[in-house]
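To start, the structure itself, in structure tokens.
The values are calculated or read from the model by the stated rules, or taken from the named source; none is laboratory data. Bear in mind the structure is a predicted one, so any value in this text is a computation, not a measurement. Reconstructed Cβ throughout: ideal geometry from the backbone, glycine too, with neighbour counts over all protein chains shown. For accessibility, only protein heavy atoms count, side chains too; no ligands or nucleic acids. Shrake-Rupley method; radii C 1.70, N 1.55, O 1.52, S 1.80 Å.
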Amino acid sequence: MKQVSPPLLQLQGISKSFGPLLALKDVNLTIQHREIHGLLGGNGAGKTTLMNVLFGLYKPNAGQVILRGQTIHIQSPRDAIHHGIGMVHQHFLQVPHFTVVQNIVLGSRLHNRPTLNLTRATERIQDLCQRFGLEADPNAHIIDLPMGVRQRVEILKALYRGVDVLILDEPTTNLTPQEVDSLFESLQRMVAEGMSVVFITHKLREVMQVCDTISVLRAGEHQLTLPRTQVSEELIVRTMVGSDIDLDESILFAATAPQESSSSRTGPPVLDVQGLTLTAESNTPQVDDVSLQVHAGEIVGIAGVAGNGQQELLEAVLGIRTADRGQIRFQNEELGHCSTRDRLRRGIAYVPEDRVQDGILPTATIAQNSILGVHDRPPYSQHGILKWPIITQHAQHLIAEYHIQTQGAGQQAGNLSGGNLQRLILARALAQPIQLLILHNPTSGLDIPTVEQIYRQIRQRRQEGLAVLLVSDDLDELMLLSDRIAVLYRGALVGHLQQKDFDKYEIGRMMSGVYNHV
Amino acid sequence: MQNSQFVQFASLVMLAIVPYILASQGTMLAGQTGLFIVSQEGVMLVGASVGFLGAFLSGSLLIGLLLAALSGAIAGLALAYFTTTLKLDQFVIGLAIFFLGLGLSNLFFKLVVGVTLQPPIIPTLKAVPIPLLSQIPILGPILFRQNLMVYFSILLSLFLIYFLYYTSWGLSLRAVGENPKAADSVGVPVARSRYITAIVAGMLMALAGAYLPMVYTGSYTDGIVNGRGWLAIALTFLGGWSPHLIFVGSLFFAGVEILALRAQVLGVGLPYQFLRMIPYLATIFVMLLTYKRLRTPAFLGLNYDRESRTSI
Amino acid sequence: MSEQSVVLRRQGLGSVFQALVPYIVAVIASFAAAGIVLAVMGFNVPRAYATILFTSFRTPNGIIQTLIKFVPLVLQALAFTIPLAAGKFNIGGEGQLIAGAIGATTVGIMLAGWPAPLLLPLVLLGGIVMGALWILLPAWLLYRFSINEILTTVLMNFVAFELIDYVATNIWPDPVAGHPTTIPIGAGGFLPRLIQQPPLHAGLLIAIFIAILVYFYTDHTSAGYELVATGANARASRVYGINVRNIFFLSLLLGGAIAGLSGAIEVAGVHHRLIAGIQSNFLLLGLIIGLIAKGNHLAVPFVAFFIAVLEVGASAMQRTLMIPGEMVFIVEAFILLFVLLSDVVRRR
């Protein structure tokens, strides 16, 4: 018998619950030496939870971690780092007001603690940058850096500590397709140097492109682990969604491109934005001369790397921010200095990106939340007096119609899960007679069935003649739903594509500003 | 003559900066790890009461100061436990400890001293001139002919500047207040950092309070702190949570306090009540001037829960 | 339908009881903790507690003392909890009380000869207006420059302490009083008495009326909804069309006005003049009441009454047993801490 060396890392029987919610059920996972291991699953499948357990951020209720054949105990990220495990979180864990090098050395063992001389650290970081093809200026402040560079800093942070296993949680979220390719090159260099990489994603194509081994989680349970050469896309999709979804009906996994909408774009647009400009305090425009039309029965998508003025544009359209220049017309009427309340009253509904911060009142009940924005209109209030019985009925109706899982309208909204929260926000928006629906990243972080449900709702409303403005960081989502896509780069619209011309790399070029439009 | 008046004024200011520096640097230090303390007024009162009683009973100002520091450490520990371990709202817990401090300080005094017609008196802190340096004209008497607490406050400020900005411990502490999850993910002990700064902050605040009966009258009254705890919070905000500016700001606060006192003595035509309003109104006015430049640690006032599943 | 409402009502009663449990536990725990301290110091604990809890109910005088104390306490608590509902902190209630008292006194002295039907409303109005004016600067700084209201409201208290001293010693001093005090206001400005002996003034009715009005406003009007929504999440409220800066401003002004009214009632109902120290420790007790009630406007009057009972008991205990009254204040702070701790228990 040949002596078989133990695998690099084994997770055995890991379970984790959050209150009543069982997030991981007896999960086993093995990471081999020198491999890129894709950890695939819809949102809420437990991928991130599993890796947070491995990294010491969550305490598991059961299970053990075995490194090179030896059981190790990880109580905190400090222990994980000590054992050579590094993690790049989806939401970068950086101090924006520190420099790159300060962020990287933070918490690491410095030989010169009392003097904080960072010259040697800076040299080592520059060396790492070169070795793995990760370009970043060590002395820049994080706050000034674009998302792509911030992610490299996050990877450098792990490499600086000398990791054997690098966990990347949804690393491609904020990257253009070109940046994704370059990230994958860096990962391959790491494996060539003897490291292993765990790559968490919900995007099938990415794992098929770069991973050596693929594992799938669903609803907190491990489904399969196979070498890439032995799996087909279809097998993986079926494993990811299970029996919850009829794949033939699915929008998310549709094999063919959707039919172009039947709407003939005649007549005046529902929303007509002309030359909208919004200047920040630092005098660089956050929204730069944007012109845009959305017609009834059409979904207009806006692509762009996060932080290129998406939120500012939408908030200007809604009157939450005041534009410096430009015109916004809604159904042929100049909105001018209309307040947000007026705009909502005229038939605009908004589903903000940040559900918890911008979308709900966490400490208020679902009933109270169900009338946010319409609380001063009949039938919910009359002559300034709230009609609680009607409001409660309204909330119960939304709960039933949109399958919001809760014990009742009197429950605190803050206790809802992300998916139920989004259903509530969407339900509230669609419950009123509206002509324009504005959505910002409507499905980020949601599980597959919820995403399907939301896509179905949006499509159906489009069919019924609603105008939809869809802003998303997820290019796949935009290409799936939109009739047209405009690309936002540094606050300006740098390109416009019709559905037949959609091309990922073309849009990616525009997103990174290398596209010269006429 | 003019010169000696200035020296006299400036050395009085140096005498008056101590409570502002100690309480504000304490507030700032805890703030660097994200703890927003609002109990200053109460902790200072406890410090004043315990410090006074300790000195009165033992006959030693040092023992009074040490006991006061101990009482402040307990207050800081309680604050850290309720906010960091139990994750209760920092502001509400801060108020609760402020209430307790208010009650306890007077309770201690009444229990020990009882109701007397002649209030007990303790000796005041003596000036300790530093050899050679105190001989320098003008600067000598202002800076180097002061009591030990004045030297301590100045050295403390210098130390905090060095510690927070020129050591890796300082870098770690500041990271906790800016983004505790980031700090935690690279192994910086978030809870321990907060406990330590809360305890040190409590000690400094209590010392700030204990200083008051020891420097002016040698007696204790329940109005002895007179809003200085709240002014210290304002000073910390105005100093942008940085030890350098807090030091500069405390010169201003103490200067206003002494000016208002001098104006009362000299009589400038205004009723003394209006002169005594000046420190508070001046503070509000300075807040108005500096509101745009103020930066606070990003996580100030927020508790950190490692297993919280909402992203930050 | 009727079945359902019965179920709902039963749930309602059950949930009221459930909500009360932590309060009861907190009160018992606080008294137990303080009892140990008192016993160690050699005081007679059962007698002390009997005095604290039952003084209010033993004699007519006790009941009336409690009701008189209740008036400023409930108003101070509301002056804190109304802005609190919008997520803002008014820690300047005593400054506004003093300003209100000064306003009421000014009207009452300058128009001393006026008849009661004219003078009394003007005295009260003087208090309301001055209270609102006293918070105007902090409210405006918050509205215009987003300057934190906590500090500015607190600092205005210290300004008010000096102002009342000035008015009582320089403008209308009462030369025979040994303490800064003004001459009395016109008799037309006195609040009528509900009971003559021992005297109980009609401010009680005003306080109860205000408490009911505030509850109705915050829980049953769309304007109140905006207040609560802003407090729950100001960003989301702004996104959905609520002008949150207006709400902040108005909530503070309303709080200041109510605190000012409490000052006017102290002048018109209790002292009939301005006295330095008129604010007593009503602000701190008001904050404790508001925090124990967790800002619930249905609960505030009941908590205020309970604290009034403790306060009346505290003075009696200090008089008869020589136990410092601060002990009761510490018990109250402990009750607050234990009520907060009950949240931790519930979380698990």
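Could you please give the count of residues in region A:289-316 that are open to solvent by 10 Å² or more (accessible area, probe 1.4 Å), touching a Gly at 6+ places or on another chain (Cβ under 9 Å) and part of a loop (DSSP other than H, G, I, E, B)? Final tally of qualifying residues: 4.
Residue by residue through region C:132-144, note down the ones that are over 23 Å from C:Val267 (Cα atoms) and either open to solvent by 40 Å² or more (accessible area, probe 1.4 Å) or touching a strand residue (DSSP E or B) at 6+ places or on another chain (Cβ under 7 Å) (or both). Matches in region C:132-144: C:Leu137, C:Trp140, C:Tyr143, C:Arg144. The residues of region B:211-240 that are among the aromatic types (Phe, Trp, Tyr) and surrounded by fewer than 23 Cβ atoms within 10 Å (Cβ to Cβ) amount to a single one, B:Tyr216. Just one residue in the set C:Ile102, C:Ile128, C:Ile185 is within 25 Å of the chain's Cα centre (by Cα), farther than 14 Å from C:His272 by Cα and either among the hydrophobic types (A, V, I, L, M, F, W, C) or assigned to a helix (DSSP H, G or I) (or both); that residue is C:Ile128.
Of the set (1) in contact (Cβ under 8 Å) with a residue 24 or more places away in the chain; (2) in a helix (DSSP H, G or I); (3) open to solvent by 10 Å² or more (accessible area, probe 1.4 Å), all apply to A:Gln130 but (1). For the structure I just gave you, tell me whether C:Leu274 is touching a Lys or Arg at 6+ places or on another chain (Cβ under 9 Å) and open to solvent by less than 10 Å² (accessible area, probe 1.4 Å). It is false that C:Leu274 is touching a Lys or Arg at 6+ places or on another chain (Cβ under 9 Å) and open to solvent by less than 10 Å² (accessible area, probe 1.4 Å).
Does A:Asn103 satisfy the condition of being open to solvent by less than 10 Å² (accessible area, probe 1.4 Å) and in contact (Cβ under 8 Å) with a residue 24 or more places away in the chain? Spelling it out, A:Asn103 is indeed open to solvent by less than 10 Å² (accessible area, probe 1.4 Å) and in contact (Cβ under 8 Å) with a residue 24 or more places away in the chain.
For region C:305-348, the set of residues classified as in contact with a Ser or Thr (Cβ under 7 Å, 6 or more places away or on another chain) and open to solvent by 50 Å² or more (accessible area, probe 1.4 Å) consists of C:Thr320, C:Phe334, C:Phe338, listed by residue number.
Considering B:Leu66, B:Leu15, B:Leu77, the condition of being surrounded by fewer than 24 Cβ atoms within 10 Å (Cβ to Cβ), closer than 19 Å to B:Ile224 by Cβ and not small (Gly, Ala, Ser) is satisfied by B:Leu15 alone.
Among the residues of region B:241-268, just one is in a loop (DSSP other than H, G, I, E, B) and open to solvent by 80 Å² or more (accessible area, probe 1.4 Å), namely B:Val268.
Out of A:Ile385, A:Ile360, A:Ile371, one residue alone is at the interface with chain C (Cβ under 9 Å from one of its Cβ atoms), surrounded by fewer than 15 Cβ atoms within 10 Å (Cβ to Cβ) and modelled with pLDDT of 90 or more. It is A:Ile385. Looking at this structure, is A:Tyr380 under 25 Å from the mean Cα position of the chain (by Cα), open to solvent by less than 50 Å² (accessible area, probe 1.4 Å), among the hydroxyl-bearing types (Ser, Thr, Tyr) and within 10 Å of another protein chain (Cβ to nearest Cβ)? Answer is no for this residue. Checking C:Val129, C:Val107 one by one, the residue that is open to solvent by 10 Å² or more (accessible area, probe 1.4 Å), β-branched (Val, Ile, Thr) and closer than 28 Å to C:Asn243 by Cα is C:Val129 and no other. Every listed requirement among (1) buried (at least 24 other Cβ atoms within 10 Å of the Cβ); (2) within 13 Å of chain B (Cβ to nearest Cβ) is met by C:Ala264 save one, (2). Of the residues in region B:151-158, not one is buried (at least 17 other Cβ atoms within 10 Å of the Cβ) and within 14 Å of another protein chain (Cβ to nearest Cβ). Is it fair to say B:Pro137 is open to solvent by 40 Å² or more (accessible area, probe 1.4 Å) and either within 14 Å of chain A (Cβ to nearest Cβ) or part of a loop (DSSP other than H, G, I, E, B) (or both)? For B:Pro137, the condition - open to solvent by 40 Å² or more (accessible area, probe 1.4 Å) and either within 14 Å of chain A (Cβ to nearest Cβ) or part of a loop (DSSP other than H, G, I, E, B) (or both) - is met. Whether any residue in region B:91-105 is surrounded by fewer than 21 Cβ atoms within 10 Å (Cβ to Cβ) and either under 30 Å from C:Val345 (Cβ atoms) or modelled with pLDDT under 90 (or both) is what I want to check. Yes, there is a match, as at least one residue in region B:91-105 is surrounded by fewer than 21 Cβ atoms within 10 Å (Cβ to Cβ) and either under 30 Å from C:Val345 (Cβ atoms) or modelled with pLDDT under 90 (or both).
Only one entry of C:Leu321, C:Leu298, C:Leu274, C:Leu310 meets the criterion of being touching a residue at least 12 places away in the same chain (Cβ under 8 Å), more than 9 Å from chain B (Cβ to nearest Cβ) and closer than 30 Å to C:Met110 by Cβ, and that entry is C:Leu274.
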